[in-house]
Amino acid sequence: MKYSLLHLLLGLIYCLNAHAQCPPDDILFLSQQELEDFAMTYPNCTQIEGNVEIGMFGLASDIQSLAPLSQIRLIEGDLRIDSNDNLNNLNGLDSLNSIGGTLNISRSTLTELSGLDALTTIDDDLRVQFNSDLTNLSGLDNLSAIGGDFSFANNSVLTNFDGLQQLNNIGGELRLSVNNALTDLSGLEGLTGIEGNLILQFNSGITSLDGLNQLNTIGGNLIVQFSAALASLEALQNLTQIGGYLDIDNNANLTALTGLDNIDHTSITDLRLFENPNLALCGVPSICNYLENMGTYDIYGNSTGCNTPQETGCLVSITQPEMPSFAIFPNPARHYIYLQFEDEIGDADVRIFNSSGQIVHQQIMQISGAVPLTFEVSAYPSGIYFLSVATKDQLTSKRFVKQ
């Protein structure tokens, strides 16, 4: 009898422990029934060690409610919510306070992110993309830190970042692309630091960067490009440090660089100001200090006042020798390009950039006017490239096309 009771007690303890355990592997939910079965099988599961995927791109899903996940407090891996046409909110994730990996929300019919109100930290990336009905980020009101990248792309009716007011630091880059209903970045007023790049590109409705008014450091590059309505950078007045190149290009309505005044020029590694047809005021202190200390640059295709370093008014006290002219041929090119100078200029840093500003070739070379220099480009993808030549006191560049 004593042994029978002992076996019964051990059996009950075993069953309770087994019931409390979460699945040891990654979890994929493709139907509402699978969610209901999970809640029945693991009623005491609160911490999931692996990844959780709710829906999958290319597969139909009838998931309508995440209520069966209401006990989950921690996901140590990624949480991916993808292609759920019948899911109108994230209610059911109300207890989730931490994600150890990436939160990815894609191809949803969500209008906001209510249901994630308890979430305070994401250790890796936050990625929100291709959500055609998402208008704001209400539901992320308690999120204070993202350990990796913050990426929002192709959310066609997203109008602001309301819901992210508690976010103060991004451990990776902030990239906003093709969110055409955005007019500014309101909702990000708490953000003070970005440890990676800040990249704003192809957001056709943004007129200002209001919302980034407290941002003071960027650990990587600052890139603002192809934002046709952008008229002002003044919201960046508190920015004092970047850790890479400064690239402002192809912004049709931008007229001045006011707002970049307070960046420490020694934190800028390269300057690229081009194809901003109305940009006429570039001589803000950070830019002038950078140019006066012989920083490398590409400046062209802007309005009068910002087509050359001399036009900016920054270099009035400095006499710079004129770089001898050079030719690139053939242009367009298929296999090789040739660089020919009229005169000898000595040692120079020759770089080739792709249209995204990435260096695809760099070489220190001795340049004379007698012998053309040869560069093989056959392996480059077709597109537009820029070849720049820098000496200790001057830089010039030309564009060429790879067919």
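Worth pointing out:
- Positive-end extreme of charge dipole, the chain - chosen from Pro332, Ala228, Gly100 (charges on Cβ): Pro332
- Counting every other Cβ atom within 10 Å of each residue's Cβ, His361, His335 order from fewest to most as His335, His361.
- Here the contact order of the chain, divided by its residue count and restricted to Cα pairs under 8 Å and six or more residues apart, works out to 6 percent.
- Cα principal axis extents for segment 326-402, largest first, Å: 31, 23, 16
- Diffusion coefficient, µm² s⁻¹, Stokes-Einstein with Kirkwood Rh over alpha-carbon pairs of segment 173-238 at 37 °C and 0.692 mPa s: 281
- Ordering Tyr245, Tyr297, Tyr336 from the fewest to the most neighbouring beta carbons within 10 Å gives Tyr336, Tyr245, Tyr297.
- The C-alpha atoms of the chain define a longest principal axis, and helix 32-41 lies at about 60 degrees to it.
- The Rg/Rh ratio of segment 228-329, with Rg taken over Cα atoms and Rh as the Kirkwood radius over Cα pairs, comes to 0.97.
- Cα-only Debye scattering, the chain: base-10 log of I(q)/I(0) at q = 0.07, 0.09, 0.12, 0.14 Å⁻¹: -0.45, -0.67, -0.97, -1.16
- Integer Hz, Karplus 6.51/-1.76/1.60 couplings in order for segment 170-183, x for Gly and Pro: 10, x, x, 9, 9, 10, 10, 9, 6, 10, 7, 8, 5, 10
- Antiparallel DSSP beta bridges within the chain, as percent of all bridges there, nearest 5: 35
- Per-residue [θ]222 nm for the chain (sum of -39500 (n - 2.57) over DSSP H runs n ≥ 4, rounded to 500): -3000 deg cm²/dmol
- Couplings 3J(HN,Hα) of segment 225-237, computed from phi: 8, 6, 10, 5, 9, 5, 10, 8, 10, 4, 5, 8, 4 Hz, in residue order, whole Hz [Karplus 6.51 cos²θ - 1.76 cosθ + 1.60, θ = phi - 60°; x for Gly and Pro].
Read-outs throughout are calculated quantities, based only on the coordinates presented, and are distinct from any laboratory measurement. Because the structure is a prediction, the values reported are computed rather than measured. Glycine gets a Cβ as well: all are built from the backbone with ideal geometry, and neighbour counts include every protein chain shown.
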